[in-house]
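Since every read-out is calculated from the coordinates, none of them should be taken as a lab result. Predicted, not measured: the structure shown is a model, and the values here were computed from it. Cβ placement follows ideal geometry from the backbone for every residue including glycine, while neighbour counts extend to all protein chains displayed.
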Amino acid sequence: MTDAPTVPLNFERIQESEMIARAVEFTRTLTRRRNVRDFLPDPIPQQVVTSALEAALTAPSGANRQPWHFVVVTDPHIRAQIREAAEAEEREFYQRRASADWLTALAPLGTDSNKPFLTTAACLIVIFAEKYAVNPDGSRSKNYYTSESVGIATGFLIAALNASGVATLTHTPSPMGFLNAILGRPKNEKPFLILTAGYPAANARVPDITKFPFARSVTRVPAHVQTE
Ligand code: IYR
């Protein structure tokens, strides 16, 4: 280690029984999370959104550059502009840009170019990835592992909203450059994701899809296996 300044770690070791209880409960909550496409217009408490964003901002990031920016949008006029631009891109996507393979892969989700949730749900959180930082003197500083960092922060945000009783939808119209123009974000920021957040409609339905079984996605290397 170098002589970079340090502070004490704030870590509380807990009983194993309590660890297991928390692990099971956290997973139970996350397992019920689904991407929701039918939302109620009811607003969600601003404090819930603020707390979830605070959770996102704790994410680890390359060289601690925190290369993200989150824009919370509730204004109906701005959201109408976002919806209009997103649906225009989506029409292009579904009618022309998407390969046959891609459309086949999406078929079980039942999605199309209509994106009513962009204007109906309580709010949109538009997430930008800062490709490089602009210093006060106008010079540029490189960011590191930007996509990984923003992806982790977004995961924290989704998990926090889900744990607070807020349904979300990860939505990525492509390309999303119109978001810079509509939201007035600088060109060093690249739109990463639109996270729609709110309460699901009472009759909301979701695609009949499932996650892979555990063993499909996880391997444990036995302790006795030596690679060298
Ligand atoms: N962006 C389009 C298409 C789409 C693409 C993927 I990959 C998805 O998992 C879901 C949708 C849309 O939002 O409809």
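Using square roots of five times the C-alpha gyration tensor eigenvalues, list the equivalent-ellipsoid semi-axes of the stretch 122-182 in whole Å, biggest first.
Each semi-axis is √(5λ); the values are 26, 16, 11 Å.
With the Cα gyration tensor of the stretch 183-228 giving a ≥ b ≥ c as the square roots of its eigenvalues, does the rule (a/c under 1.5 for rounded; else a/b larger than b/c for prolate; else oblate) give rounded, prolate or oblate?
In terms of gyration-tensor shape, oblate.
Would you mind checking which residues have amide H under 5 Å from Trp68's amide H? H placed 1.01 Å from N; only 5 or more apart, or other chain.
For Trp68, whose amide H was placed from the backbone, the distant partners under 5 Å are Glu130.
Which lysines have a Cα less than 26 Å from the Cα of Lys211, not counting those fewer than 8 places away in the same chain?
Lys115
Kindly state, to the nearest 0.05, the FRET efficiency for Trp102 paired with Ala133, given R0 = 45 Å and r defined as their beta-carbon distance.
So, using R0 = 45 Å, E works out to roughly 0.85.
Return the aspartates and glutamates within reach of Lys142: Cα separation strictly under 13 angstrom, same-chain partners fewer than 8 residues apart disregarded; answer none if there are no such residues.
Glu130, Glu189
Taking all pairs of distinct Cα atoms, average 1/r, flip it, and tell me the Kirkwood hydrodynamic radius of the stretch 1-75 in Å to one decimal place.
Value: 17.0 Å, from the Cα pair sum.
So what is log10(I(q)/I(0)) for the chain at q = 0.12 1/Å, when the Debye sum runs over its Cα atoms only?
Reported log10 I(q)/I(0), two decimals: -0.83.
Suppose we flag chymotrypsin sites (Phe, Trp or Tyr not before Pro) only when DSSP calls them loop and at most 16 other Cβ atoms lie within 10 Å. Which is the longest uninterrupted stretch of the chain?
12-143
Using only DSSP helix segments of four residues or longer, with each worth -39500 (n - 2.57), what per-residue ellipticity at 222 nm results for the chain after dividing by its residue count and rounding to 500?
-11000 deg cm²/dmol
Cα centroids of the stretch 1-79 and the stretch 153-228: how far apart, whole angstrom?
Here the two parts' Cα centres lie 12 Å apart.
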